[in-house]
Number of protein chains: 2
Amino acid sequence: MTDLKYLFYPRGIAVVGASRDPNKIGSIILKNLIEYGYQGRIYPINPYANELMGLRAYPSISSVEGPVDVAVVSVPAKNVLDVIDDAGKAGVKFAVVISSGFKEVGNVELEEELVRRAHKYGIRVLGPNIFGYVYTPSRINASFGPRDVIPGNVAFISQSGALGIALMGTTILENIGVSSIVSIGNKADLEDADFLEFFENDPNTSVILLYIEGVRDGRRFIEIAGRVSLKKPIIAIKSGRTEAGAKAAASHTGSLAGGPVIWETALKQAGILFAKTVEDAFDWVKALSWNPIPAGDMLVVITNGGGAGVQATDTLAENGIILTRSPKDLVEEIKRFAPPFASLANPIDITGMAPDEWYYKALLAALKNPDVHAIVVLYCQTAVTNPMGVAKSILDAVKDSGIKKPITVGMVGGVETFEAIKYLTKNNIPAYPTPERAAAAMASIYRYLKLRDYVAKRLEVRY
Amino acid sequence: MTDLKYLFYPRGIAVVGASRDPNKIGSIILKNLIEYGYQGRIYPINPYANELMGLRAYPSISSVEGPVDVAVVSVPAKNVLDVIDDAGKAGVKFAVVISSGFKEVGNVELEEELVRRAHKYGIRVLGPNIFGYVYTPSRINASFGPRDVIPGNVAFISQSGALGIALMGTTILENIGVSSIVSIGNKADLEDADFLEFFENDPNTSVILLYIEGVRDGRRFIEIAGRVSLKKPIIAIKSGRTEAGAKAAASHTGSLAGGPVIWETALKQAGILFAKTVEDAFDWVKALSWNPIPAGDMLVVITNGGGAGVQATDTLAENGIILTRSPKDLVEEIKRFAPPFASLANPIDITGMAPDEWYYKALLAALKNPDVHAIVVLYCQTAVTNPMGVAKSILDAVKDSGIKKPITVGMVGGVETFEAIKYLTKNNIPAYPTPERAAAAMASIYRYLKLRDYVAKRLEVRY
């Protein structure tokens, strides 16, 4: 197993390529690293400066006195090998090579020499052609992405640079807390499997998100991912999954993406939730990282609109989940306040007349009912309710119940509904702007459980 | 053909059930009708008031002097028949029956009697169990939904009440301009096909959106929709499309939703774009209503991120669109500013270094190139660009070109990107938060063209 301890818990980090120009990639990384609050030693490396951003600058890594475990390298490609030689002398363990200009532009030889040279010194390489990495438990943001990533339990590994850095921003927008973000770019040395192994045993990580175009060693990837998926869900945006997409991927990373069918099978064998879109992946990440695993199959849908309930029922069915009748005692409890014509089978339609309070009561009853294992709450904005009131009722019911069950919320409406969704999101309740997304996100939790069973059977292990 | 002229261009509208209580449904409708600016006569009907909201109130419709073409009825179900008798005396042409308590709660007989009675007087019934209707060319908002719907070219017909009214709010949030919103509820009399026929010839409508659970006369629906789809795109959210969903639909509207396979075939025969989710439907509505029809198949994707380009390529392929190489002269033009390593085949990757200006130049070149017929623009938020700058460059290129071609935009990132998407949306450029949604929305335009061909062949007509 690749030991990544010193990458994620380094004693000192050197930043090679930071300068007085604040727009240089190296300078942005240095700034992020300082401002995000990394507590170990930070060494700007620049032969033309004595001091950068208030820190003493060094002419070379090997001129630093203390231990330097990580060197973040952002210099022109042609100078990277010299930096590796210097890093080798300094006893660096990981070279995080931001620089582009390698295999992705056809410069295969330079990339191979980079790895050979690094390995000569016992250095492992992350990259090249990456935007850096983040590990929030160590307060490391050694990236040129946005600074204020939110600490949490999701690890995100991205093969794509621009899309990855953009999605880093999306995690903040969507209040998705991360343990780590790793840009793996060309994967000249370290690749997905190495990081999966680290996150497998990382107590700070409970959900793993991958953006993959291709992997070098498919067999190892499936083997390791399969093992990891028994412990924590892995979601993969698999790009280049059609023939046309694979060709596009090959032209931009030079990696072989593999045929679509092969990938679908491979991801299943590895227990990985296969997301075709960025939106699905993020929706599922929220549902899986903010919710516990359900204790059983009884999923109830609570709604104030029949149409929303039908759409959710359809989406669930399309995801292999057929709703069964709500537990009798739950129906009885809801009958106490819902109008007599309300259809309570499942979906439980508390009708368009439902005020905030009915949402509170219905959700509280469902949470407290031991036969209910998971809940999808749907809301259509009407003239008689106010979306924020409903959102608050949902949050109150969750808090007051003291019971943790998986919940997703779908709220449809205008500006006020949009604000209500933001409010729930800020409080780590997975809320979505449509019934279908709420239903699909809930379904992803159950799909993970099925995949886990499948992998366990395949590997003949218990978990 | 059902003549709906006086429903959409009435000389006078009576509101039965408005009162001094502003929270009553009837009062909300009256208020919307007045405030949205309907220029014909409005007659509040209430035997206990002389005046409501500054308008003279009448004890009955038949006591009104001028012509009353439409009566909006919001009284308890048991009183609706009396109102119909009164409306009959007054020569009303359309009863818009908001009231619930009919077939949807098992009261089939009352619903049948309602239609019989109305037809006796030559009155056509919209509803019952609806939230009203909107027709922006006549400044009619006779609904209890949000007031400030945006005038535009989309007609939305909804079988669902709560979901429909919520989606009315979504049209405002998403800047989707509507010609009309019609809540058809129980469809006791007028149903989808009647409205499709009206919108077919309505010069104010260019795209039609349906939310359907079931229809009464399937054959007539397919026949009429097929004819209409030759002229303008129809998008349908078909709810109750799985067996489980159909059961849920039956329990809430009492309508037979029909098997999933039958529906898929039926919608295709009718030339209707089948949307499984509310989000897809609204995405496609924006793409179709804000764009012209492309003059040919050459679709180019412009991106600053390879990964986003691959995701779009995959999504397009999954929707039957295989990207071909960009026109040579376009590539040559982009080579003038893009770095030498940029991959310009298609997707055209102007690279992560691309500043706003390159977006402007690339898009302008694509718009001006006669061999390019449609453009998907993708953007990943990076450290070197600002999303609003990119959005403005896109809008400037569209304006400066003076050329209309279908465009969709996918922008991935954080808060600033979200604002940029809003900015483009406000300017009627269909913009989405992921590459896949931008690609799928573009694909919906091409799918419409294919469906139109299919229907034309089936009906052996030219269009």
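Structure summary
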| item | result |
| --- | --- |
| More than 19 Å apart - percent of Cα-Cα pairs taken over segment B:373-453 | 36 |
| Where a label projected 7 Å from the Cα of B:Arg56 along Cα→Cβ would reach, residues of segment B:11-29 with amide N under 11 Å | none |
| Cα pair count fraction exceeding 19 Å, expressed as % - segment B:292-449 | 46 |
| Low-density loop positions, chymotrypsin sites (Phe, Trp or Tyr not before Pro), segment B:1-96 - DSSP coil, at most 10 other Cβ in 10 Å | B:Tyr48 |
| Mean separation of Cα contacts under 8 Å (6+ apart) over length of chain A, as relative contact order % | 10 |
| Those GluC sites (Glu not before Pro) in segment A:52-128 that DSSP places in a loop and that have at most 14 other beta carbons within 10 Å | A:Glu65 |
| Fraction of beta bridges assigned by DSSP in segment A:4-288 that are antiparallel (%, nearest 5) | 20 |
| Helix B:415-426 axis, angle to chain B major axis (alpha carbon atoms, nearest 10°) | 60 |
| Of A:Lys232/A:Lys426; A:Lys404/B:Lys286; B:Lys399/B:Lys457, pairs whose Cα-Cα distance is over 32 Å | A:Lys404/B:Lys286; B:Lys399/B:Lys457 |
| Inter-label distance, nm, simple model (7 Å from Cα along the C-beta direction), B:Lys399/A:Asn23 | 2.5 |
| Alpha carbon convex hull of segment A:4-75, volume per residue in cubic angstrom | 84 |
| In segment B:202-235, the trypsin sites (Lys or Arg not before Pro) that fall in loop regions by DSSP, at most 16 other Cβ within 10 Å | B:Arg216, B:Lys231 |
| Residue-span extension gain [A:Arg11 to A:Gln39] - 0.36 nm each, minus C-alpha spacing | 9.2 nm |
| Alpha-carbon spread of segment A:141-213, three principal axes, descending order, Å | 30, 28, 20 |
| Helix A:25-36 vs. chain A, principal-axis angle (Cα, 0 to 90°, nearest 10) | 60 |
| Relative contact order of segment B:1-152, pairs being alpha-carbon contacts under 8 Å that are 6 or more residues apart, as % | 24 |
| Isotropic mean projected area of the C-alpha convex hull, chain A (nm²) | 22.9 |
| Over chain A: helical MRE at 222 nm, DSSP H runs n ≥ 4 each giving -39500 (n - 2.57), nearest 500 | -13000 deg cm²/dmol |
| Rg/Rg_ref, segment A:168-285, where Rg_ref = 2.2 N^0.38 Å and atoms are Cα | 1.02 |
| Rg and Dmax [Cα atoms of the protein assembly as shown; Å; Rg one decimal, Dmax integer] | 29.8, 100 |
| Between segment A:391-420 and segment A:85-116, the alpha-carbon center distance in angstrom | 48 |
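Every number in this text was worked out from the coordinates using simple rules, so none of it is lab data. Fair warning: this is a prediction, and the values are worked out from it, not measured in the lab. Cβ atoms come from the backbone with ideal geometry, glycine included; neighbour counts cover every protein chain shown.
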